[in-house]
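Asker: Quick one: the structure is below, questions incoming.
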Amino acid sequence: MDRHIIHFEHTMKECFECQEEKRVRKPMITHTKKMMGTAVLAMSLLLSACGSGNEGKEHGGKGHEANEGGKIRIVTTIGQIAEPISVIGGERVEVQSLMGPGVDPHLYNATQGDIQKLEKGDIVFYSGLHLEGNMTKIFEQIGKSRPVLGIAESIPEDKLLKDDKGGIDPHVWFDIDLWKQSLDAAVEEMKKHSPDDADYFDTNKAQYFAELDKLKAESQEKLSQIPQEQRVLVTAHDAFGYFGRLQGIDVVGLQGLSTEDEIGISDIDDTIKLLMEYKVPAVFVESSINPASINAVIEGAASKGLNVKLGGELFSDAMGDEGTEEGTYLGMYRHNVETIYHALSGK
């Protein structure tokens, strides 16, 4: 038997053993622990709220501001919110993100340490649209004592992408225009909390949004150079729909919109057929997703005589390490653009 076929079958077996293990254990253990953990943390928030008196009942003022230097304490879920808000808020804010590099927000469960951070925050920003689905009850509880905003939920529904079952795609930060709108909703909440800083926030926002507009123009010019027949982006899960719509690239994700979705043999087979049909030169792994399914696609294509290379690692649900270029929204987006351009254009 051809060594490519043997290796492919081994990779497929490994991939689906992992999937099967998840199917067996998830209903019995993971789901139960998730429900219990969420209930316990929600109760912790409820008790904390009861003990806090009227401190946070009026969301418009500075009821929680006891931070050194009078800074507004902002807690966010993902770095795609935290980093831009830290730039726009500047010296007037202190921003903490619950989820760091490599963390999958679809599967994330809040810890007791997260609850403590949320309780100390003046404002809480999350992305929403069911991205952080395991934290819904926590947001409801914490929202009784301070402003809590799902910033992407400010986007009109007709601008949002949906899958074939009607599920909304939450990965809106890959459409720069939509993410500007989401960040604008966050800034308005900051201005409401601290009216004295409104002009400062608006000035910083205008400067930052100008950088986003420049990034959009640069990325569209760069990616337009990829030949039409090679404008197919294959990734581990369906996180790049907004990116594809903005950049005019077809997107194929092995998993659905959430990493909780399972990958079937037919998903991998269909992807291999697409690669064969369009002679797609590369596929991509994601920093927060297990690469097993993408490796299975590469091996499957090789067994049929098509050499598909690994185009590189993209940042999807999480950004890069703090202190690196990829740890910023602008840098993360540029990294993805450059990686996709070089892999699909061959330049």
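Asker: With a 1.4 Å probe and all protein chains in place, put S345, S154 in order of accessible area, largest first.
Answerer: Working: S345 25, S154 50 Å².
Accessible-area ranking of S345, S154, largest first: S154, S345.
Asker: Tell me which of T324, A301, V285 sits at the most positive position along the dipole axis of the range 275-341, charges placed on C-beta atoms (Lys, Arg +1; Asp, Glu -1).
Answerer: Working it through, the farthest residue towards the positive pole turns out to be A301.
Asker: Still on this structure, please answer the following. If the only charges are +1 at each Lys and Arg Cβ and -1 at each Asp and Glu Cβ, what is the size of the charge dipole of the range 69-193 around the Cα centre, to the nearest 20 debye?
Answerer: Working: 14 positive and 20 negative charges, 114 e Å.
Dipole size: approximately 540 debye.
Asker: Please state the relative contact order of the range 223-336 as a whole percent: Cα pairs under 8 Å, 6+ residues apart? It would help to have the intermediate numbers written out before the result.
Answerer: On the way: 171 pairs, mean separation 24.3, N = 114.
Taking the mean separation of contacting Cα pairs over the length of the range 223-336, I get 21 percent.
Asker: OK, next. Within the range 195-216, which residues have the backbone N less than 13 Å from the label spot 7 Å out from D177 along Cα→beta-carbon, could you tell me?
Answerer: 213, 216
Asker: So how many Lys-Lys pairs in the range 209-347 land under 23 Å Cα to Cα, not counting same-chain pairs under 8 apart?
Answerer: Taking the Cα cut-off of 23 Å, the pair count is 12.
The values are calculated or read from the model by the stated rules, or taken from the named source; none is laboratory data. What you see is a predicted model; the values in this text were computed from it and never measured. Cβ sites come from the backbone with ideal geometry, for glycine too, and all protein chains shown count toward neighbours. Areas reflect the complete protein model, heavy atoms only, side chains present, ligands, DNA and RNA absent. Shrake-Rupley method; radii C 1.70, N 1.55, O 1.52, S 1.80 Å.
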